[in-house]
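Inspection log for the structure reproduced underneath, given as structure tokens.
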Amino acid sequence: MDLSNLKPAKGSTKNRKRIARGSGSGHGGTSTRGHKGAGSRSGNSRKIGFEGGQMPLQRRLPKFGFKNINRVEYAGINLDTLQRLAEEHSISNFDKQVFIERGLISKNELVKILGRGELTAKVDVKANAFSASAKAAIEKVGGTTATL
């Protein structure tokens, strides 16, 4: 084997289709566009979703639902998370900055404290919202809640 007899593997290369280069090329005449109609003309592009005149899918399906533009999204943090942080990192004052530093929320999220889990540590919590059960559980162990 030397440079003079190197060639690509069989079937790995194809000749490109030379369109509109005479009838001898096999792609002359209509240039692989078929006969007549908009598709054979230059500048043709079918609109998105066009199904040849059949009622398109996006018009066959019914409309439903709505997006409430006044909805307020909260990042939920449960009592068991507060308890774990209080034990592992000996934190007693929780505010938005603590949650951001621990990676529980991003800086633009609103915080809601939720009532899942047991809370035994006395903690002071500042958040945007509290569930009724979470507020009761925090105040039961002697902690305080403050709504931002």
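Bear in mind that the values in this text are calculations on the coordinates, not laboratory data. For clarity, every value in this text was computed on a predicted model and none was experimentally measured. Cβ placement follows ideal geometry from the backbone for every residue including glycine, while neighbour counts extend to all protein chains displayed.
Looking at the chain, the DSSP beta bridges with both ends there are about 5 percent antiparallel. For the range 119-133 versus the range 1-75, the inter-centroid distance based on Cα atoms is 57 Å.
Length available on full extension from residue 128 to residue 47: 0.36 nm per residue minus the Cα-Cα distance, which gives 24.4 nm. Note on residue 120 and residue 3: the extension gain reaches 34.1 nm, defined as 0.36 nm multiplied by sequence separation minus the Cα-Cα distance.
Each Cα pair under 8 Å and six or more residues apart adds its separation to the average, and for the chain the resulting relative contact order is 15 percent. Step through the table entries 67/107; 96/140; 112/135, compare each Cα-Cα distance with 19 Å, and write down the pairs that go over it. Checking Cα-Cα distances, 67/107; 96/140 exceed 19 Å. A simple spin-label model places the labels of residue 32 and residue 69 4.9 nm from each other, with each point 7 Å out along Cα-to-Cβ.
Dipole orientation for the chain: of the candidates 4, 141, 90, 4 has the Cα lying most toward the positive pole (charges on Cβ; Lys, Arg +1; Asp, Glu -1). Within a straight-line Cα-Cα reach of under 30 Å, residue 14 can be paired with the following lysines, leaving aside sequence neighbours fewer than 8 residues apart in one chain: 36.
Would you indicate which of [x] 2.30; [y] 2.23; [z] 2.37 is the value of Cα Rg over 2.2 N^0.38 Å derived from the coordinates of this structure? Evaluating Cα Rg over 2.2 N^0.38 Å on these atoms matches [x].
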